[in-house]
Each structure stands twice: as C-alpha cells, then as structure tokens.
C-alpha cells in the first residue's frame, strides 16, 4: 500500500472516529409522557388561587333555583316580566351574585325573551383541572431548540358544589370545559411548561 493511500485511509478513519465520538457525546432529549405533561399542567393550575365557578342562569335555571330553594320570587314589576328574586339562607351558602348583594334582578327585554340570563358564582372554590391530555408531539417554538406541544381539555372542578347547583351549571349557555394547547420546552435537561393557549 502506498504512503498516499495509507494517509488517506488513516485520515478517513480519523474522521469516522471523530464523528462517532461526536454522535456518542450528543444526548437526545428525554421523553415527555402524557402523564408528565398532565402533571406539569395541573401544577400550573394548582399554583393559582382557587376560584368559584361562574354559572350562566337562563329561564330554566331560574325555575330550577326556585325549586331547589336557592332563591324565591320577592317582587314582580308592572310589565309582568321583570322580577326580583332574593337568595334564601341556603342560596347565600351556595352562591354569590356577580354584582354582590342577595337579589337577582331578572330583566328580560320582553315576556317572550328566551335569551336573557344572569351570572352567579359558586361559593365553593376549586382549581381548574387538566383532562384528556394527548401524547406530546415535537413542535417549533421561537427561542427554543427543543419543544413539545400537547392538546388537552381544561375543565372546571365541581367537587363540593351541591348537586342541584351542578344541574343548573349543565344547562345550555354554560361552558364547563375548553380545548387548550400546552407548550413545553427543555430547560437544563428538564421539561418545563412554557405556555397554555
């Protein structure tokens, strides 16, 4: 074998060896599982102060609230479709009114108005819940070399809310869950929640 051929073969082997060393030195990003993603999202929700759940009450909900003993009719106005409903003692324990006080002011535009609603809030305060987290997938985020994203459902937690109030919360006009996207980035070899959209 000639010296030139020998040098070329040695050079090629040296380059190949250096490449193998470089590849061996590169560490791939650790896996981000569905369970890990859910834990990171839930930790974010748990850091926020717990809050009552806003419930939109339509005409059906108003009737349910009377039947359930949360409020009672205390005044009907001359137009016969405006009314005031006062919270009962049971209602004062279970809900808060968005405007404060203890009187729900029912003020539809007409007797036929089926779209009028009022907003109440549960006295029980809970954290949002992360549910149905999808398998995280790679994505490209500005300023992050390694990132993952996962779709999930953000849901209100009705734990501790009395069943009759939960029933009102399930009436049309209420949104108890929302589809969200969580973005994660690798920071010092550890996955961290970057944003929830």
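Conditions tested, residue by residue: (1) touching a strand residue (DSSP E or B) at 6+ places or on another chain (Cβ under 8 Å); (2) closer than 26 Å to residue 161 by Cβ; (3) at pLDDT 95 or above.
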{"site": "9", "(1), (2), (3)": "no, no, no"}
{"site": "53", "(1), (2), (3)": "yes, yes, yes"}
{"site": "75", "(1), (2), (3)": "yes, no, yes"}
{"site": "100", "(1), (2), (3)": "no, yes, no"}
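Condition check for residue 29 on (1) modelled with pLDDT under 95; (2) over 30 Å from residue 150 (Cβ atoms); (3) touching a strand residue (DSSP E or B) at 6+ places or on another chain (Cβ under 6 Å): one failure, at (2). Looking at 136, 162, just one residue is within 30 Å of residue 71 (Cβ to Cβ), in contact with a helix residue (DSSP H, G or I) (Cβ under 8 Å, 6 or more places away or on another chain) and not assigned by TED's automatic domain parsing to the domain that holds residue 68, and that residue is 162. Selection over region 102-112 of residues that are assigned to a loop (DSSP other than H, G, I, E, B) and either closer than 20 Å to residue 161 by Cα or in contact with a strand residue (DSSP E or B) (Cβ under 8 Å, 6 or more places away or on another chain) (or both) gives a count of 1.
The values are calculated or read from the model by the stated rules, or taken from the named source; none is laboratory data. These numbers come from a predicted model, not from an experiment. Neighbour counts are summed over all protein chains in view; Cβ atoms, including those assigned to glycine, are modelled from backbone coordinates with ideal geometry.
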